[in-house]
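Okay, structure first, notes after.
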Amino acid sequence: MGDIHRRWDHVERGLAMLSRAPRDVVLLGDMECHAPLDALVAPILATGARLHWIHGNHDADGGPEMWANLADPVRNPVTAAGALHGRVAVIDGLRVAGLGGTFRARVWTPPAPPRLRARAELAADIATLGPEWLPEARATLHASLARMAIWAEDVERLAAQRADILVTHEAPSSHPAGLAVIEALARSMGAALIVHGHHHVGYRARAADGLEVQGVGAAWGVDRHGVVHWPGEADRWPGRRPAGWEFAGG
């Protein structure tokens, strides 16, 4: 399921359209949890589906409370175990790896090398900010980068593992605003498919070596084969198709 941005009504309508319940559901980030995730996904859990999720770049826009609603295991005793970021889980017999967040300039802007490789470097870097940065602003920036940025240490840890599918919030270069480091990670893991959100567009693309990409629109329900099970918000495809990719439908 693509970026929901609090539009759980799309999800509830979509679930009602299904002829059979899903076995597993993966949320691709930017849920913006205004309540604990366990409560928000109750209609999904009621179908018997197992829930998995990664975070997006907007999942802490509401501050620590919003982030806790997503990630705090005390608030979410059911869904906390489904967090996929930075790890590989076996889902319906497939190895699925998760990479949440987006690239942030203070940490890493590919194709340039990482400015900071690990979160352990962040405190010293924040300390170099000018006197106009008050303690509260420094703490907010630290928390945002630690949670929302894509870190080289996470990518490197994933690259040492194997996966069949890589699910990400950020897009690979099949999207005009995507970055090739995402498909490089998928290839290093041996993944045949990348599924991403973030850009609110559904599409299917294939690279010359056979690597496939499935973009998922905002609150759309799409399976790994590219079959749309329900629509959400209107797509935002910008029009230009990047070179080096073959797109379904021409």
Here the relative contact order (percent) of the chain, from C-alpha pairs under 8 Å and at least 6 apart, is 20
Full extension between residue 156 and residue 223 adds, at 0.36 nm per residue less the Cα distance, a length in nm of 21.4 nm
Counting only residues 5 or more apart in sequence or on a different chain, those whose built amide H sits under 5 Å from that of residue 33 are none
Env charge @ residue 206, Cβ radius under 10 Å, K,R +1 / D,E -1, value -2
Taking only the alpha-carbon positions of the stretch 190-250 as identical scatterers, the Debye log10 I(q)/I(0) at q = 0.14, 0.17, 0.22, 0.29 Å⁻¹ comes out as -0.37, -0.55, -0.91, -1.35
To the nearest 20 debye, the stretch 137-250 has a Cα-centred charge dipole, built from +1 on Lys and Arg Cβ and -1 on Asp and Glu Cβ, of 160
Once amide hydrogens are built 1.01 Å from N within the peptide plane, the residues lying 5 or more places from residue 50 or on another chain with amide H under 5 Å from its amide H are 24, 25
Counting Lys and Arg as +1 and Asp and Glu as -1 over every other residue whose Cβ sits under 12 Å from the Cβ of residue 50, the net charge comes to -1
A correct Kirkwood calculation over the Cα atoms of the stretch 41-141 returns a hydrodynamic radius in Å of 16.3
What the Cα atoms of the stretch 14-71 span along the principal axes, largest first and in whole Å, is 38, 18, 17
Here D for the stretch 91-164, in µm²/s, from Stokes-Einstein with a Kirkwood Rh over Cα pairs at 10 °C and 1.306 mPa s, works out to 115
If the chain between residue 134 and residue 61 were fully extended at 0.36 nm per residue, the gain over the current Cα-Cα distance would be 24.3 nm
Taking the alpha-carbon centre of each part, the distance from the stretch 204-250 to the stretch 14-36 in Å is 19
Stretched fully, the stretch from residue 142 through residue 187 gains (0.36 nm per residue minus C-alpha distance, one decimal, in nm) 13.1 nm
The FRET efficiency for residue 124 and residue 42, from their Cβ-Cβ distance with R0 = 51 Å and rounded to 0.05, is 0.75
Bridge orientation stat for the stretch 133-250 from DSSP, antiparallel percent rounded to 5, came to 55
One would report the Cα pair-distance distribution of the chain, bin width 10 Å, in %, as 7, 32, 37, 19, 5, 0
Stokes-Einstein D for the stretch 104-250 (10 °C, 1.306 mPa s, Kirkwood Rh from Cα pairs), in µm²/s, comes to 94
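Each value in this text was obtained by applying a stated rule to the coordinates, not by laboratory testing. The structure displayed is predicted, hence computed values, not measured ones. Counting neighbours? That spans all protein chains shown, and the Cβs are built from the backbone with ideal geometry, glycine included.
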